[in-house]
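K.L.:
Let me give you the structure first, and then I'll get to my questions.
The values are calculated or read from the model by the stated rules, or taken from the named source; none is laboratory data. No experiment lies behind these values; they were computed from the predicted model shown. All Cβ positions, glycine included, derive from the backbone under ideal geometry; neighbour counts span all protein chains shown.
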Amino acid sequence: MEALVDIASPTDGDLKPGTPISVAAEQFVIAKGDAGLAAGSLAEYERVVRRVIVPRIGDLRLAEATPGRLQAFFTAVTKDHGPGTAKTTRSVLSGILGMAVRADALRANPVAQVAAIRRGASRASTALQLESVPTFIHAVTNDPELRRLDVGDLLAFMVMSGCRIGEALALTWERVDLAAAKVTFDATVVRVPGKGLLHQQHGKTAASTRTISIPAQAVTLLEHRDRIASVVLPSVAGVLRDPIDAESVWRRNRDRLGYSSYTSHSLRKTTATALDVAGMSARAIAEYLGHSKPSLTQDVYMSRNVGSAAAADHLDRMFGVSSGLRRELES
């Protein structure tokens, strides 16, 4: 029976129907690294392969990866690790089995026959109430502990600009034009096992690279930053800051400040909500936030600056702090 599986179809590559998924997964990760996959993405692929795929179905042969078996596998991963990890696992496994198809080890990719994984609404981040944003900005920028750890400005800048935490921490002064009230996001900070923190010279997606206008209060905040490093928001030691460290600082202090249910991603969602309430189009909001577009035409040909100035004006009006709070912020 095993011999029949091995000779079920001819193949010119190293992969055969009887090859274990663990072996195919290793080859897939190596191929992605050779193809120049971003370091952060490659590390995530390796993590999913090592911690999720290999322990559960690594011994399964490629020919044994039927839709039914994979459906049970994804159901278990969703239950044990959550829908986010399950979605990533599905993407990686689809890539592995797609490589097997191209090597003639499989006739079709069985992942295509598996039901979609849906993210539970209960795990979604919660946006701040828009009327409370000025109070939030004042609280985080004036809290002694957050000031000591230099995280308050990071949180305030994120809600003012709608950027991702990795983008904020990768922003360099040469990408900031305070006179024009513009910043360019074209990098992110990632942690790669065995290599440490990396200043990755491109964003999370192709749409992440963008130049946006920022509201006046964000300009004021940046004007008062000391330029002790090439990055705008470094660690207290003046070096590249780990997003995980910044997230940890916020988690330890948000209950005390009365924001227990608000993650760093809540700030980005708050910006999006504010722009939506202001009446901006979905396309303009997506461009401001650096979201991928639903069509290739929009991805490739639409300007990344459309609506940016209008967005900054809206944020100034909706998040603008009172004159008293502004004086405290500037002091």
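K.L.:
State whether one or more residues within segment 179-192 are surrounded by fewer than 16 Cβ atoms within 10 Å (Cβ to Cβ) and either assigned by TED's automatic domain parsing to the domain that holds G40 or in contact with a helix residue (DSSP H, G or I) (Cβ under 6 Å, 6 or more places away or on another chain) (or both). Reasoning before the result, please.
P.N.:
Of segment 179-192, the ones surrounded by fewer than 16 Cβ atoms within 10 Å (Cβ to Cβ) are 179-180.
From what's left, either assigned by TED's automatic domain parsing to the domain that holds G40 or in contact with a helix residue (DSSP H, G or I) (Cβ under 6 Å, 6 or more places away or on another chain) (or both): none.
Looking for residues that are surrounded by fewer than 16 Cβ atoms within 10 Å (Cβ to Cβ) and either assigned by TED's automatic domain parsing to the domain that holds G40 or in contact with a helix residue (DSSP H, G or I) (Cβ under 6 Å, 6 or more places away or on another chain) (or both), one finds none in segment 179-192, hence no.
K.L.:
For S292, work out the one condition from (1) in a helix (DSSP H, G or I); (2) closer than 19 Å to F185 by Cα; (3) modelled with pLDDT under 85 it doesn't fulfil.
P.N.:
(1)
K.L.:
Moving on. Among the residues that make up segment 196-212, is at least one of them out of contact with any His (no Cβ under 6 Å at 6 or more places or on another chain), hydrophobic (A, V, I, L, M, F, W, C) and over 29 Å from S41 (Cβ atoms)?
P.N.:
The answer is no, given that none of the residues of segment 196-212 is out of contact with any His (no Cβ under 6 Å at 6 or more places or on another chain), hydrophobic (A, V, I, L, M, F, W, C) and over 29 Å from S41 (Cβ atoms).
K.L.:
Output the residues belonging to segment 164-184 that are within 16 Å of Y288 (Cβ to Cβ), in contact with a strand residue (DSSP E or B) (Cβ under 6 Å, 6 or more places away or on another chain) and not in a helix (DSSP H, G or I).
P.N.:
A181, K182, V183, T184
K.L.:
Given the residues T188, T220, which is the only one that is under 22 Å from R47 (Cα atoms) and polar (S, T, N, Q)?
P.N.:
Result: T188 is the single residue among T188, T220 that is under 22 Å from R47 (Cα atoms) and polar (S, T, N, Q).
Residues checked against (1) buried (at least 17 other Cβ atoms within 10 Å of the Cβ); (2) over 30 Å from Q201 (Cβ atoms); (3) aliphatic (A, V, I, L, M); (4) in contact (Cβ under 8 Å) with a residue 40 or more places away in the chain:
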position: R50; (1), (2), (3), (4): no, no, no, no
position: R56; (1), (2), (3), (4): no, yes, no, no
position: L62; (1), (2), (3), (4): yes, yes, yes, yes
position: A65; (1), (2), (3), (4): yes, yes, yes, yes
position: A100; (1), (2), (3), (4): yes, yes, yes, yes
position: L106; (1), (2), (3), (4): yes, yes, yes, yes
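K.L.:
Yes or no: R252 assigned by TED's automatic domain parsing to the domain that holds A179, part of a helix (DSSP H, G or I) and more than 13 Å from D150 (Cα to Cα)? Working first, answer last.
P.N.:
Working: assigned by TED's automatic domain parsing to the domain that holds A179: yes; part of a helix (DSSP H, G or I): yes; more than 13 Å from D150 (Cα to Cα): yes.
Criteria met by R252.
K.L.:
Something else about it: Among the residues of segment 204-235 satisfying the criterion of being part of a loop (DSSP other than H, G, I, E, B), within 20 Å of L146 (Cβ to Cβ) and aliphatic (A, V, I, L, M), which is nearest to the chain's Cα centre (by Cα)? It would help to see each step written out before you state the result.
P.N.:
Kept after step one, since they are part of a loop (DSSP other than H, G, I, E, B), are these residues of segment 204-235: 204-205, 209, 214-215, 224-230, 232-235.
Narrowing further to those that are within 20 Å of L146 (Cβ to Cβ): 224-226, 228-229, 232-235.
Those left that are additionally aliphatic (A, V, I, L, M): 228-229, 232-233.
On the way: I228: 27, A229: 24, V232: 20, L233: 18 Å.
Of everything passing the filter in segment 204-235, L233 is nearest to the chain's Cα centre (by Cα).
K.L.:
Also: For the structure I just gave you, tell me whether A156 is within 30 Å of L62 (Cα to Cα) and either in a helix (DSSP H, G or I) or touching a residue at least 60 places away in the same chain (Cβ under 8 Å) (or both). Walk me through it before giving the result.
P.N.:
Values: within 30 Å of L62 (Cα to Cα): no; either in a helix (DSSP H, G or I) or touching a residue at least 60 places away in the same chain (Cβ under 8 Å) (or both): yes.
No; evaluated as a whole, the condition is false for this residue.
K.L.:
Scan segment 143-175 for residues that are modelled with pLDDT of 95 or more, closer than 15 Å to T220 by Cα and of a type in the set (S, T, N, Q) and jot them down.
P.N.:
none
K.L.:
Could you tell me which residue of segment 1-22 is nearest to A108 (Cα to Cα), considering only residues that are at pLDDT below 95, assigned to a helix (DSSP H, G or I) and among the hydrophobic types (A, V, I, L, M, F, W, C)?
P.N.:
Top of the filtered list is V5.
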